[in-house]
Amino acid sequence: MKLKWRPPKFVIGLSVLGTAVGGIVLAKEFIGGSNYSGKERLDNKTVIVTGANCGIGKETALEMAKRGANVVLACRNMRKCKAVNCKNYDRLDILINNAGVMRCKKSFTKEGFEMQFGTNHLGHFLLTMLLLDKLKESKPSRIVNVASVAHMRGTINFADLNGEKSYDPADAYNQSKLANVLFTFELADKLKGTGVTCNAVHPGIVNTDIIRHLSYANSWLANFFVKPFMWLLLKTPRQGAQTTINAALNENLVNVSGKYFSNQKEREPSDQSRDKAIAQRLWAISDKWTDM
Ligand SMILES: *[C@@H]1O[C@H](CO)[C@@H](O)[C@H](O)[C@H]1NC(C)=O
Ligand SMILES: *[C@@H]1O[C@H](CO)[C@@H](O)[C@H](O)[C@H]1NC(C)=O
Ligand SMILES: *[C@@H]1O[C@H](CO)[C@@H](O)[C@H](O)[C@H]1NC(C)=O
Ligand SMILES: *[C@@H]1O[C@H](CO)[C@@H](O)[C@H](O)[C@H]1NC(C)=O
């Protein structure tokens with residue numbers, strides 16, 4: 001018997017559309033990378049995450065809480081960071097320096113530091129120094145610094161570190177991210193044998209932070225043609241958090257320190273980020289400017 005019935009055209013249309021949408025969703029999952037698969041628990045452990053009010057930081061903090069941790073949400077502001085330190089923690093197992101500003105126009109923190117250098121680097125430098133004893137007491141413990149692949153384009157402009165003479169939003173961002181990686185490696189060296197590790201991660205390019213800083217994001221043409229592609233290629237905050245989560249939890253990394261990760265894998269950072277002389281000079285200035 002021959003099958004006479006054919007599905008009406010709109011049903012075929014719908015099924016093609018469904019397949020296309022499914023394919024796009026799968027493609028986005030594929031491009032964005034997989035979820036961290038480890039099953040580590042964090043019961044009775046304390047985790048501090050800076051910049052946890054939105055984006056990657058929020059996803060990271062939620063994941064830590066799901067695994068039983070006592071999660072402390074910290075702020076990006078230096079004075080508030082000092083306040084965090086006054087609170088009583090029995091222990092501190094994981095410090096995630098995540099907060100960041102990206103390519104903002106020229107502005108300064110209340111302390112007078114160029115906004116990106118001050119927030120992305122100096123604030124975390126200070127917070128980490130204040131919490132170091134607690135981390136050592138709680139060993140094995142970890143510090144994860146959320147840097148960026150942008151560090152590869154960065155240079156530390158010692159002649160004008162604070163962007164007073166000249167300022168370019170992208171250059172200042174690259175500089176602050178290189179500072180994150182230099183700080184990570186220098187600190188990892190200083191922490192050898194203490195049971196505290198320190199690693200840097202590149203979260204990927206995540207849609208929340210980047211779109212609002214790109215000038216063309218406001219034209220309707222860009223909205224129509226560029227944004228869908230960006231949506232496909234950029235990571236969601238959850239996807240962006242996975243490399244941080246891996247560095248913070250993966251039990252295989254318990255003794256791994258002074259490394260740089262991207263897509264949950266160890267990667268080569270820039271040559272400059274391994275330059276000891278630059279790292280030490282930056283450290284000395286950071287130490288002085290944060291008034292330790
Ligand atoms: C990753 O986890 C999220 C939520 O926890 C889930 O919605 C998503 O489907 C997962 N992705 C994959 C590829 O398993
Ligand atoms: C967490 O702490 C409580 C109270 O001290 C203790 O009873 C429990 O066994 C601890 N859990 C883990 C997984 O260490
Ligand atoms: C900073 O990085 C951006 C891209 O991430 C690049 O366009 C810019 O040229 C970089 N700045 C320098 C000084 O290389
Ligand atoms: C980490 O180092 C400790 C002490 O040296 C050792 O006992 C442990 O097996 C190491 N763990 C891993 C996963 O390498």
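The values are calculated or read from the model by the stated rules, or taken from the named source; none is laboratory data. These figures come from a predicted structure and were not determined experimentally. Note that each Cβ is placed from the backbone with ideal geometry, even for glycine, and that neighbours are counted across all protein chains shown. Just the protein is used for accessible areas: all its heavy atoms, side chains included, with ligands, DNA and RNA removed. Shrake-Rupley method; radii C 1.70, N 1.55, O 1.52, S 1.80 Å.
Laid out as a table, the results:
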read-out: Residue 53, sole failed condition from (1) away from ligand 1 (no atom under 13 Å from the Cβ); (2) in contact (Cβ under 8 Å) with a residue 24 or more places away in the chain; value: (2)
read-out: Subset of segment 130-157 [within 16 Å of ligand 3 (Cβ to nearest atom) and either assigned to a strand (DSSP E or B) or not aliphatic (A, V, I, L, M) (or both)]; value: 146, 148, 151, 153, 154, 155, 157
read-out: Near pairs, Cβ below 8 angstrom, 6+ apart or cross-chain, from segment 247-273 (aromatic (Phe, Trp, Tyr)) to any residue that is assigned to a loop (DSSP other than H, G, I, E, B); value: 260/147; 260/268; 260/269
read-out: Some residue of segment 211-226 being touching a Phe, Trp or Tyr at 6+ places or on another chain (Cβ under 8 Å), part of a helix (DSSP H, G or I), open to solvent by less than 20 Å² (accessible area, probe 1.4 Å) and at pLDDT below 95; value: yes
read-out: Residues (within 24 Å of residue 127 (Cα to Cα) and open to solvent by less than 70 Å² (accessible area, probe 1.4 Å)) located in segment 28-53; value: 42, 46, 47, 48, 49, 50, 51, 52
read-out: Residues within segment 261-292 that are within 16 Å of ligand 3 (Cβ to nearest atom) and in contact with a helix residue (DSSP H, G or I) (Cβ under 8 Å, 6 or more places away or on another chain), tallied; value: 6
read-out: Within segment 158-176, considering residues that are more than 13 Å from ligand 3 (Cβ to nearest atom) and assigned to a loop (DSSP other than H, G, I, E, B), the one farthest from the chain's Cα centre (by Cα); value: 165
read-out: Residue match in segment 132-148 (condition: touching a strand residue (DSSP E or B) at 6+ places or on another chain (Cβ under 8 Å), open to solvent by 60 Å² or more (accessible area, probe 1.4 Å) and modelled with pLDDT under 95); value: no
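Residues checked against (1) within 14 Å of the chain's Cα centre (by Cα); (2) open to solvent by 20 Å² or more (accessible area, probe 1.4 Å); (3) within 16 Å of ligand 2 (Cβ to nearest atom); (4) closer than 19 Å to residue 30 by Cα:
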{"position": "228", "(1), (2), (3), (4)": "no, yes, no, yes"}
{"position": "232", "(1), (2), (3), (4)": "no, yes, no, yes"}
{"position": "238", "(1), (2), (3), (4)": "yes, yes, no, yes"}
{"position": "242", "(1), (2), (3), (4)": "yes, no, no, yes"}
{"position": "246", "(1), (2), (3), (4)": "yes, no, no, yes"}
{"position": "251", "(1), (2), (3), (4)": "no, yes, yes, no"}
{"position": "257", "(1), (2), (3), (4)": "no, yes, no, no"}
{"position": "273", "(1), (2), (3), (4)": "no, no, no, no"}
